[in-house]
Amino acid sequence: MNADAKNQDSDFAPQSNDESLIGPFIDGELPMGEARRVETLIEENEEYRTLAENFKKLDDLARTSFSEVPKVSSTQWGQVWENIQKEGPQKQPQPKRFNEWIVPFISIAALVLLGLYLGSLFFGDPEAPKSEDPPMVQKDDLEEVIPEEGEESTTVDFSG
Amino acid sequence: MAKDPSDQEDLQKVREFLNGDTSSFEFLFDKYRERIHSVAFRFVKDKEDALEVTQEVFIRAYQGLEKFKTDSKFFTWLYRIAVNRSIDFIRSRKARPTVEMPHTEDGPLSAHIADQRIEEPSVNTERKEISEHVLEAVNMLSEKHRAVFLLHAVEQLSYKEIADIVGCSLGTVMSRLFYSRKKLQQHLEQTGLL
């Protein structure tokens, strides 16, 4: 922004704190006590009075000038609504109730499973054979049981 | 927290929509479509363009309603989308060389705008002339000043609502409004309207 533009902009800035309150006063945006004080200022100061009148006039002019908006037919609104539905989310929004219970449920289930796993690690029987351990007795060992004296030889069939 | 019955009704519809009832959004669309179209029209100054912006606003709201914080007002949230989309639309239109705004060679830009707006041939000439000057003056404001001024003077929103929509402090709303009024006052004094 060049110096001229800056100077020009400063022309539109409030010259005092009181001046900056004239707009909020006419807009009804000031608290009661402050509004009374500014009202007295406006009554006593002609410059402020003119400013307040001009601000009110400006608002009225703008409201009148911008009041006319072309009508949109119900057919056009219908088309807009159709387009909104087409462009909208592909899937319907998930009911919130589902989101409310599924996350805690999965979290609790995961915690329980983790607890069971850790429990088995810490409190399980260390002497118990692991599933990967070879059986104490091998299949081949049992295929033929050597008979005691006076007994017939027996073959154990593992095939079936 | 929203205490106004209309705001409460909006929040109820938002909750229903988030719980899977899509017809609730149609209720919100029917309730606010005219107002959003008016806001958009005041920025983009063309009926069809304003309709396009309105459609975009509701699509964004439809897709992003989960992001809406229910401790604020629904219409303030919707207005914010409308103002931002309107400003984006104007910028994109400026960036598009094929779509041109009417030139000032055949008369003031505002005259074209006024012609588009006021279709009735019997409209009072003096009033039309005043409107042209006001539109021209408002168009001279920057986007941020124009947004605050229009939301205040035309939409008649409170400073707090404007601050929520524009995303600035109350002090900024006050200073932008003061600046806009002073600038408009200067312009309209030159044309003899003030």
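Things to note:
Matching residues to (1) buried (at least 21 other Cβ atoms within 10 Å of the Cβ); (2) under 19 Å from A:Gln85 (Cα atoms); (3) among the basic types (Lys, Arg):
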| position | (1), (2), (3) |
| --- | --- |
| B:Val14 | no, yes, no |
| B:Leu28 | yes, yes, no |
| B:Ile36 | yes, yes, no |
| B:Lys47 | no, no, yes |
| B:Glu52 | no, yes, no |
| B:Ala82 | yes, yes, no |
| B:Ala95 | no, no, no |
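- Among the criteria (1) at pLDDT 95 or above; (2) facing another protein chain (nearest Cβ under 7 Å), the one A:Gly78 does not fulfil is (2).
- Enumeration of residues in the range B:123-141 that are over 13 Å from A:Leu61 (Cβ atoms) and among the β-branched types (Val, Ile, Thr): B:Val123, B:Thr125
- Residue list for the range B:137-156, filter: free of Cβ contacts under 8 Å to residues at least 40 places away in the same chain and either within 10 Å of another protein chain (Cβ to nearest Cβ) or crowded, with 20+ Cβ neighbours inside 10 Å (or both): B:His145, B:Val148, B:Phe149, B:His152, B:Ala153, B:Gln156
- Each residue in the range B:72-102 was checked for being assigned to a helix (DSSP H, G or I) and modelled with pLDDT under 85, and 3 pass.
- Within the range B:171-185, the residues that satisfy the criterion of being surrounded by 15 or more Cβ atoms within 10 Å (Cβ to Cβ) and either more than 7 Å from every other protein chain (Cβ to nearest Cβ) or farther than 17 Å from A:Asp59 by Cβ (or both) are B:Thr172, B:Val173, B:Ser175, B:Arg176, B:Ser180.
- Among the candidates B:Arg80, B:Arg33, B:Arg93, residue that is under 16 Å from B:Val166 (Cα atoms) and in contact with a helix residue (DSSP H, G or I) (Cβ under 8 Å, 6 or more places away or on another chain): B:Arg80
- B:Asp21 under 29 Å from A:Pro70 (Cβ atoms) and surrounded by fewer than 20 Cβ atoms within 10 Å (Cβ to Cβ): no
- Matching option when the condition is free of Cβ contacts under 8 Å to residues at least 40 places away in the same chain and facing another protein chain (nearest Cβ under 10 Å), among B:Gln12, B:Gln8, B:Gln63: B:Gln63
- Verdict on B:Ser131 being hydroxyl-bearing (Ser, Thr, Tyr), touching a His at 6+ places or on another chain (Cβ under 6 Å) and either within 7 Å of chain A (Cβ to nearest Cβ) or assigned to a helix (DSSP H, G or I) (or both): no
- Any chance A:Leu58 is touching a helix residue (DSSP H, G or I) at 6+ places or on another chain (Cβ under 6 Å), facing chain B (nearest Cβ under 7 Å), assigned to a helix (DSSP H, G or I) and aliphatic (A, V, I, L, M): yes
- Members of the range B:15-44 found to be facing chain A (nearest Cβ under 10 Å) and among the β-branched types (Val, Ile, Thr), listed by number: B:Thr22, B:Val39
The values are calculated or read from the model by the stated rules, or taken from the named source; none is laboratory data. Here the structure is a predicted model, which means the values were calculated and not measured. Neighbour counts are summed over all protein chains in view; Cβ atoms, including those assigned to glycine, are modelled from backbone coordinates with ideal geometry.
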